[in-house]
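The structure appears right after this line, and notes come after that.
The values are calculated or read from the model by the stated rules, or taken from the named source; none is laboratory data. Treat the numbers as computed from the prediction; the structure is a model and nothing was measured. Heads up, the Cβs are rebuilt from the backbone with ideal geometry, glycines too, and the neighbour counts pull from every protein chain shown.
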Amino acid sequence: MMKSYSSPALYMQGQNILSQDYDQITCLGHRAIILSNGIAVNVAAEPLCQTLNTQNLVSEVVVISDHFNDHELTNLTTLIKERAADIVIAVGGGKVIDISKIVAAKIDCQLVIVPTLASTDAPTSRLSATYNAQGHFENYIFFDRSPSLVMVDTDIIVNAPTRTLIAGIADALATFVEYRAVKCAHGQNMFGDKATIAAGVLAEQATKTIFREAKLAIKANSAHTVDQHFENVVEANILLSGIGFESGGEAAAHSIANGLTQFVSPTIMHGEKVAFGLLGQLVLSQSSSVLYQKYLKFLRALGLPVCLKDLGLTRDRQILYQIAQEVLRPNETIHQMNLSLTAADIVNTLLQIDSYAN
Ligand SMILES: [Zn+2]
């Protein structure tokens, strides 16, 4: 079977790059639509828009609503066609990034991703997670091309809440554990191919960087001061994990996180659910207690959810059974582990995670 590896054509990361290194955007086309929402509009999208307009790249900001739906998608693609824009720039968090990928694919134009948080590894990938109107995870959509450019301005990221960096750390920490499980089970990466060695190397480096530098990076984030530790952990969260998960494959950690979505508060971030899912992944892989304790201790020290109570859940077997059914949906990556699991196995796994934490 074929191996595959996908990545953005260019990844840039550093302080103040948005106002200094815009050449990499202006060389991509003639007219840009910047999609953004929330605080990112004033913090990053509007300043970028002004910069690009002074550089003769005609640009405008379009604010994405919180309840973006198919009707708004149609209006947006019509607007972009009317403007004859050939670049879509996503400025914001996971939701704006996912929507921008869909929009750029629909009108076949260049896609630039400017994450304003390091909370997930979505920016570099060529897939989007979709959620229904209630915010429940539905599916992954795959696109033909990776983003043309990912620009990570660490002066912007360092001013985001530390909780977002910590969620991204959990998302990135799961990547190597999931890669290894998929590899051991002869499973497939996100493209349905075999993982490349490169994906595994990047995923492993994400883990090493995080265990070594996360605590110092969080301190830097709290002080809103970019240092080398912060730069390295942002790279682990976005680039190393982004390529690692997509070209390496996901497994149970993400299926458990997806399964939890409709049973926990929407305020719980993706990476926080993945932290709990990572522990479930270690249970299912029958990892040694030394390894399990290493991850449990680390996740707990970062304030991530490690038991049912942390997620606002109880040991109610009926609810856990419903979660288990979601975890085992046919399109879930847990099946890449080739374990022929039942819902009862998943319920037991969730209960074991809870017991080990207490
Ligand atoms: Zn993730």
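Results, tabulated for the structure shown:
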{"read-out": "Single unsatisfied condition, SER287 versus (1) within 16 Å of the ligand (Cβ to nearest atom); (2) assigned to a loop (DSSP other than H, G, I, E, B); (3) of a type in the set (Gly, Ala, Ser)", "value": "(1)"}
{"read-out": "Hits in the stretch 102-129 (condition: within 16 Å of the ligand (Cβ to nearest atom) and either β-branched (Val, Ile, Thr) or not assigned by TED's automatic domain parsing to the domain that holds PRO8 (or both))", "value": "ILE113, THR120, THR124"}
{"read-out": "Total residues in the stretch 130-161, condition of a type outside the set (Lys, Arg), away from the ligand (no atom under 16 Å from the Cβ) and touching a Lys or Arg at 6+ places or on another chain (Cβ under 9 Å)", "value": "4"}
{"read-out": "Set ASP23, ASP66: member being over 20 Å from LEU79 (Cβ atoms), charged (D, E, K, R) and surrounded by fewer than 20 Cβ atoms within 10 Å (Cβ to Cβ)", "value": "ASP23"}
{"read-out": "Test: residue in the stretch 32-44 that is farther than 25 Å from VAL226 by Cβ, modelled with pLDDT of 95 or more and assigned to a loop (DSSP other than H, G, I, E, B)", "value": "no"}
{"read-out": "Candidates SER125, SER100 - the one that is out of contact with any Cys (no Cβ under 9 Å at 6 or more places or on another chain), part of a loop (DSSP other than H, G, I, E, B) and under 21 Å from TYR140 (Cα atoms)", "value": "SER125"}
{"read-out": "Condition met for ALA198 (under 29 Å from GLN24 (Cα atoms), buried (at least 24 other Cβ atoms within 10 Å of the Cβ) and touching a residue at least 60 places away in the same chain (Cβ under 8 Å))", "value": "no"}
{"read-out": "Residue within the stretch 247-254 that is of a type in the set (D, E, K, R) and within 14 Å of the ligand (Cβ to nearest atom) present", "value": "yes"}
{"read-out": "Evaluation of ASN232 against (1) within 14 Å of the ligand (Cβ to nearest atom); (2) under 22 Å from LEU165 (Cβ atoms); (3) out of contact with any Leu (no Cβ under 8 Å at 6 or more places or on another chain) (one fails), failing number", "value": "(1)"}
{"read-out": "Any hit, the stretch 14-23, residues being in a loop (DSSP other than H, G, I, E, B), touching a residue at least 12 places away in the same chain (Cβ under 8 Å) and polar (S, T, N, Q)", "value": "yes"}
{"read-out": "Condition met for SER7 (among the small types (Gly, Ala, Ser), outside any loop (DSSP other than H, G, I, E, B) and closer than 18 Å to SER148 by Cβ)", "value": "no"}
{"read-out": "Selection status of ILE89, buried (at least 17 other Cβ atoms within 10 Å of the Cβ) and either more than 27 Å from the chain's Cα centre (by Cα) or part of a strand (DSSP E or B) (or both)", "value": "yes"}
{"read-out": "Test: ALA217 is among the aliphatic types (A, V, I, L, M), without any contact (Cβ under 8 Å) to a residue 60 or more places away in the chain and closer than 17 Å to THR207 by Cα", "value": "yes"}
{"read-out": "The stretch 63-86, subset in contact with a helix residue (DSSP H, G or I) (Cβ under 7 Å, 6 or more places away or on another chain) and not in a helix (DSSP H, G or I), residue nearest to GLN20 (Cα to Cα)", "value": "VAL63"}
{"read-out": "Residue in the stretch 266-284 that is more than 18 Å from THR164 (Cα to Cα), more than 14 Å from the ligand (Cβ to nearest atom) and not in a helix (DSSP H, G or I) present", "value": "no"}
{"read-out": "Any chance VAL274 is exposed (fewer than 15 other Cβ atoms within 10 Å of the Cβ) and either closer than 22 Å to ARG180 by Cα or out of contact with any Pro (no Cβ under 7 Å at 6 or more places or on another chain) (or both)", "value": "no"}
{"read-out": "Looking only at the stretch 187-224, and only at residues there that are assigned to a loop (DSSP other than H, G, I, E, B) and touching a helix residue (DSSP H, G or I) at 6+ places or on another chain (Cβ under 9 Å), the one that is farthest from ILE166 (Cα to Cα)", "value": "ASP193"}
{"read-out": "Residue list for the stretch 321-344, filter: part of a helix (DSSP H, G or I) and either within 25 Å of the chain's Cα centre (by Cα) or aromatic (Phe, Trp, Tyr) (or both)", "value": "TYR321, GLN322, ILE323, ALA324, GLN325, GLU326, VAL327, THR333, ILE334, HIS335, GLN336, MET337"}
